[in-house]
Structure formats: C-alpha cells, structure tokens
1. Being within 15 Å of the chain's Cα centre (by Cα) and farther than 29 Å from Ala207 by Cα: is that true of Val106 here?
2. Quick one: Ala281 ticks every box in (1) open to solvent by 70 Å² or more (accessible area, probe 1.4 Å); (2) in contact with a helix residue (DSSP H, G or I) (Cβ under 7 Å, 6 or more places away or on another chain) bar one, so which box is it?
3. From Arg48, Arg8, grab the single residue that is in contact with a Gly (Cβ under 7 Å, 6 or more places away or on another chain), in contact (Cβ under 8 Å) with a residue 12 or more places away in the chain and not acidic (Asp, Glu).
4. Just wondering, is there one or more residues in region 34-51 that are open to solvent by less than 30 Å² (accessible area, probe 1.4 Å), of a type in the set (Gly, Ala, Ser) and more than 26 Å from Glu211 (Cα to Cα)?
5. Being over 15 Å from the mean Cα position of the chain (by Cα) and without any contact (Cβ under 8 Å) to a residue 12 or more places away in the chain is true for just one of Gly240, Gly224, Gly282. Which residue is that?
6. Would you point out which residue out of Tyr55, Tyr117 is of a type in the set (Phe, Trp, Tyr), closer than 22 Å to Asp205 by Cβ and modelled with pLDDT of 95 or more?
7. Could you say whether any residue in region 115-128 is without any contact (Cβ under 8 Å) to a residue 40 or more places away in the chain and farther than 16 Å from Phe44 by Cβ?
8. Working carefully through the options His61, His91, His122, His65, find the one that is closer than 19 Å to Leu249 by Cβ and modelled with pLDDT of 95 or more.
Amino acid sequence: MSQLARRRALPPGGATESRTMRDGWRLRSMVWPALPDARGSILFIGGRGDFIEKYAESYWHWRDHGFALAVFDWRGQGLSGRLGDTPDKGHSTGFDVLVADLGEQVTWFRERLPPPYFAVAHSMGGHLLLRHLSASPGSINRAVLLSPLFGLVAAPVGPWLARIIAAVQVSRGKAGDYAPGAGPAQAGNAVRGRRLSSDPDRVTDEAYWIEQNPALRIGGVTNGWVAAAFASIDTLAAPGVLEAVTTPLLILAAANDRLVDGAAAARLAKRLPHARVAVIAGAAHELLRETDAIRDPVLARIDEFLA
C-alpha cells in the first residue's frame, strides 16, 4: 500500500464508538483490537485542533508492529462537538474537564485492550496526559510525549502579553472571541502549514480529510482557550505535580517549534524523575507528520522505547 494511501485511509478493523462522559458529553472514539502475538496496546492522544483521521499513517505503522490501538477526538474538536459559539472556534472554559475526559478514556482503553498499556501523546495531549499521570500513577506503563505543551509561544504577541490579554478579555466577557492572531479555519493556510511540518505533502492531508468531512474543520483559539491553557500550564508546573509522575517517559521536542515553548519543556522535564528527553533537529511541531528524514527516526525511537 502506498504511503499516500496510508495517509488518507484508516487501517482496517477499527470500530467507532460514541462514548458518553460523566456529564453526558459524547466523545468520538475508535479502537483496533489486539492482533495475534500482540505487543501491547497504544492509546494515541492528539493535540489541540486534531482529529482521529489526521494521524492515520502512524496508526498503520503501529498496527504493522503488532499493537492494539485506541484513539479519540477531544471534547470541542473533531467529531466530538464544539464548545465555541461557532463551529470554527477552538474554545475552552478550562482544561480540568479534559483531564477528567482523559481519565475516563484511559479506563475504557484498559478495559477494551490487553496490557502492557502505552500512550503516545502530541502537544496539548501530552500536557493533559502528564496531568492525568500525576494523579493516576500506574494507569499507563510507558508514555511518549511529542512536542508537549509546557508553554505557549503565543505568536504574534508572545506568552507574557498573551496571558494578560486573555485574562482581561475573559474578565470583559469576551472569552468566546478569537485570541490575537487567531481566526476561522486555516487547514489550507501556508504559514500555518509551515509551523506544523516541513513536509508540504503531509500538510495537505489535513485539508484532504476536511474535504471528505467538513465537520472536522476547526479554526484558531479563543481568549478563553488561551486563559485555560495558561491556567493549566501553571497547574502542571506547581511544586510536586511533575515529581509525582512515575511512568517512564520519552519526551521528543521539535527544534523548530513555533507553537509550543521548547525551552519550557526542557526546563520542566528535569523535574520528571523517569524521563528521557531529546530534541529533534530540523523538526516543526508535528513530529509524526514531518518529512521521512525526520519522521522515520522519530518512529524508530518510539518503537525502541515501547519495546
């Protein structure tokens, strides 16, 4: 099967579920069952604005390598409903609800699939997974964090000013307005694409999936999302939170990341007692959608760590 075909089709055998959370919200989830001689199970956790189909190529890789697999769309994106006053807005009223959703998804993952239990989490997903692991040690045997959100670059205003603007706008009742520099759906935006990956072909895959189902489309973040992200960053950085994570971790940061703060990741990772950290040269934010020269060694590192 060609590389392009694997980027634009999900592996066979996956079953879609609409899972009801504790408050009645429904999350679109998918599970691929255990294969003969399974090596374990992976829960893949996407980032802000992602949807299940976007990482199809990596699912093929893990299925080829004998893993059972579970994935889901976060509340507020993909096909798990929206939180903003228009479908394009990436809104949030707080990350605590997402941490709670992840706890329920980890329980479902463990109930449905065989051990050992692994997680691979990208960006915001990595941030939320760390919050989960701090409170629920032992729920995941090993975890990989890709470009984890420890801090925001927050272009064009920078993190210090972005934090202030978000707080002021939320206090003025404008939490649902787009944050500075954000706007409606941007799947075909060239500047945004270069921030995500240096591989122009893989960048177009997102637009392909959205053409197949326009309901997957989402735009930029709101002031409420920015305020919620900074509040959760502060929660994660509080004394004792990272130190409570006992799960062995592989943290891979992108050297050319223009979305999350790599320096913050390197600084805070020193407080994780069981973490290996590497910076991937030449890489933009989405390590699993980079050029083959970057992506293939990243996958090899993940395979070695999970072995």
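The values are calculated or read from the model by the stated rules, or taken from the named source; none is laboratory data. Predicted model, so just to flag it, every value in this text is computed and none were measured. FYI the Cβ positions are ideal-geometry reconstructions off the backbone, even for glycines, and counts take in every protein chain you see. Surface accessibility is based on the protein's heavy atoms, side chains included, excluding ligands, DNA and RNA. Shrake-Rupley method; radii C 1.70, N 1.55, O 1.52, S 1.80 Å.
1. Considered against the rule, which asks whether it is within 15 Å of the chain's Cα centre (by Cα) and farther than 29 Å from Ala207 by Cα, Val106 comes out as yes.
2. Here Ala281 clears every test but (2).
3. None of the others qualify; the one that does is Arg48.
4. For region 34-51, residues open to solvent by less than 30 Å² (accessible area, probe 1.4 Å), of a type in the set (Gly, Ala, Ser) and more than 26 Å from Glu211 (Cα to Cα): present.
5. None of the other options fit; the residue is Gly240.
6. Being of a type in the set (Phe, Trp, Tyr), closer than 22 Å to Asp205 by Cβ and modelled with pLDDT of 95 or more holds for just one of Tyr55, Tyr117, which is Tyr55.
7. Taking every residue of region 115-128 in turn, none turns out to be without any contact (Cβ under 8 Å) to a residue 40 or more places away in the chain and farther than 16 Å from Phe44 by Cβ.
8. His122
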